Amino acid sequence: MEFETRAIHAGQEPDPLTGSVNVPIYQTSTYAQDGVLKMRGGHDYARTINPTRTALEECLASLEGGKHGVCFSSGMGATTAIMELFSPGSRTVAINDVYGGTYRLFSKLYATKGYDYEFVDLTDEGTARQAFERPADLVWLETPSNPLLKIVDIAAIAERAHAAGAVVVVDNTFASPYLQQPLALGADIVVHSTTKYIGGHSDAVGGAAITNDDETAERLHFVQNSMGAVPGPLDAFLTLRGAKTLAVRMERHCDNAAGIARWLTESPAVSHVYYPGLAAHPGHETAKRQMKRFGGMIAFQVNGGRPAVDAALADTGVWTLGESLGGVESLIEHPGAMTHASLAGSGFEVPDDLIRLSVGIEHVDDLMHDLVAMLARATQSRSRPIQ
């Protein structure tokens, strides 16, 4: 079956009791058993298993082309569970342009427990070669990365990483499984914040890890049950509902973003645009090879520095000033002060004049109209005399 069909049907057979087309919300904490060790369908306690969550896990595994899906209460819950597969002293090579929450988890929590992290530019051939000259345990990729939209050649890095003995994890949140499927390119585990494009409606928080490896899946399920960072049945239901329309939403996200990115390159208020769909983007050819389209995320730098950013974001119109991404509504933010504030003092700070866009599915003319007004204010802020 094709992607769009699996999004609607994988793990989602009509309910055998009532024929309900939608998977029911199994709002229960425990299950009646027929004997001390006689469970009905393996159901004993809802932290361990819930039919609504199981349906979501099966659907997400199918969409990523994987055998096993394991869902968590957030994307960071999924990331933490993966880190629990490794021990102190393990060496992780991570892309240096990484989500602020991931950097915080790695550098502020696990590094203090004896885990070794190296944040390197894995888009650079020489740097990547050097990173794998000695053994590694884990390689953590984002592509496109957050927030600078770097593109990593998944197949090339996976080959090098596996030769160095490492497990390859790809955070596929920005692309979604509709645009990119890292397992087919050599990744061992794919991680998602399902809060973003998969859920798609900014109404449920969740995370997932998908793999083809039976042992890895078994260990992740053990961590999931032991640590308890599981999504509730309503969050699982809402995320499953969102997944049904992922393909059609992503097409609109991509259409809108492509038009806005091209327009931004022509704006005199903008000094640089980060979008892999632009031919001038250094990862454009790689993105074209490993992605179906180029996504709905854009970042750009404005002339005039932080004062220009503040002026632009003073009134955002249809755009919502806020963290997160991937919803039907368009979001705008200043990464340095918001999603990536934890990178302060790390040496990997994002530019202070950077704005990040999560382009929604509104009419593109309305989005452009408000961007014109925002950038006009940014330009005016540069021409004001110093008081």
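Nothing in this text is a laboratory measurement; each read-out follows from the coordinates by a stated rule. What you see is a predicted model, and the numbers here were worked out from it, not measured in a lab. Using ideal geometry, Cβ is built from the backbone for each residue, glycine included, and neighbour counts are taken over all protein chains shown.
Once you treat every alpha carbon in the chain as an equal point and sum by Debye, what is log10 I(q)/I(0) at q = 0.07, 0.10, 0.11, 0.14 Å⁻¹?
Computed log10 I(q)/I(0) values: -0.32, -0.65, -0.78, -1.21.
Counting alpha carbon pairs within less than 8 Å and at least 6 residues apart, what relative contact order, in whole percent, applies to segment 247-383? Working shown, then result.
Numbers: 238 pairs, mean separation 40.3, N = 137.
Once divided by the residue count of segment 247-383, the mean separation gives 29 percent.
DSSP loop GluC sites (Glu not before Pro) in segment 229-299 with at most 14 other Cβ atoms within 10 Å of their Cβ, which ones?
GLU266
Take each of the peptides 349-361, 306-318, average the number of other beta-carbon atoms within 10 Å over its residues, and list them starting from the highest. Please list the in-between numbers first.
On the way: 349-361: 21.9, 306-318: 17.5.
By packing density, highest mean first, the sequence is 349-361, 306-318.
Compare THR52, THR216, THR195 in a GNM of the chain, Cα atoms joined below 10 Å, and give the one with the largest fluctuation.
THR216
For a 30 Å ceiling on Cα separation, which of these pairs sit above it: LYS113/LYS288; LYS67/LYS244; LYS108/LYS244; LYS113/LYS292; LYS67/LYS108; LYS38/LYS113? Numbers along the way, then the final one.
Values: LYS113/LYS288 39 Å; LYS67/LYS244 19 Å; LYS108/LYS244 37 Å; LYS113/LYS292 39 Å; LYS67/LYS108 33 Å; LYS38/LYS113 41 Å.
Among LYS113/LYS288; LYS67/LYS244; LYS108/LYS244; LYS113/LYS292; LYS67/LYS108; LYS38/LYS113, the Cα-Cα distance tops 30 Å for LYS113/LYS288; LYS108/LYS244; LYS113/LYS292; LYS67/LYS108; LYS38/LYS113.
Report the Cα centroid-to-centroid distance between segment 46-101 and segment 194-249 in angstrom, as an integer.
8 Å
Is the C-alpha gyration tensor of segment 113-215 telling us rounded, prolate or oblate? Criteria: a/c under 1.5 is rounded; beyond that, a/b larger than b/c is prolate, otherwise oblate. Walk me through the numbers before you get to the answer.
On the way: a/c = 1.82, a/b = 1.62, b/c = 1.13.
Note, shape of segment 113-215 comes out prolate.
With the cut-off at 1.5 for a/c, could you classify segment 290-370 from its C-alpha gyration tensor as rounded, prolate or oblate?
Taking the square roots of the gyration eigenvalues as a ≥ b ≥ c, segment 290-370 is oblate.
Within 10 Å, Cβ to Cβ, of SER90, how many net charges do the neighbouring residues add up to if Lys/Arg are +1 and Asp/Glu are -1?
-1
Based only on other Cβ atoms within 10 Å, what is the fewest-to-most ordering of SER74, SER330?
Exposure proxy ranking, most exposed first: SER74, SER330.
Over the Cα atoms of segment 247-383, what Rg and Dmax result, in angstrom?
Gyration radius and largest Cα-Cα distance of segment 247-383: 14.4, 44 Å.
Relative contact order for segment 1-72: what is it in percent, counting Cα pairs under 8 Å that are at least 6 residues apart?
About 31 percent, as a whole number.
When LYS292, LYS38, LYS108, LYS67 are ordered from fewest to most other Cβ atoms inside 10 Å of their Cβ, what list results?
LYS38, LYS108, LYS67, LYS292
Tell me the net charge near ASP370. Cut-off is 12 Å between Cβ atoms, ASP370 excluded, with +1 for each Lys or Arg and -1 for each Asp or Glu.
Values: positive: ARG377; negative: ASP315, GLU362, ASP365, ASP366.
Here the count lands on -3.
How would you rank LYS244, LYS113, going from fewest to most other Cβ atoms within 10 Å of each one's own Cβ?
Ordered by Cβ neighbours within 10 Å, fewest first: LYS113, LYS244.
Residues of segment 110-134 with backbone nitrogen within less than 16 Å of a virtual label 7 Å along the Cα-to-Cβ line of HIS272, please, listed as ranges.
The answer is 121-124, whose backbone nitrogens lie closer than 16 Å to the label point.
Would you please classify the overall shape of segment 185-312 from the alpha carbon gyration tensor, given that a ≥ b ≥ c denote the square roots of the eigenvalues, rounded means a/c under 1.5, and beyond that prolate means a/b larger than b/c while oblate covers the rest? Kindly include the intermediate steps, with their values, before the conclusion.
On the way: a/c = 2.24, a/b = 1.85, b/c = 1.21.
Because a/c hits 1.5 or more and a/b exceeds b/c, segment 185-312 counts as prolate.
What Kirkwood Rh does segment 250-316 have if only Cα atoms enter the pairwise 1/r average? Answer in Å.
About 12.8 Å, per the Kirkwood formula over Cα pairs.
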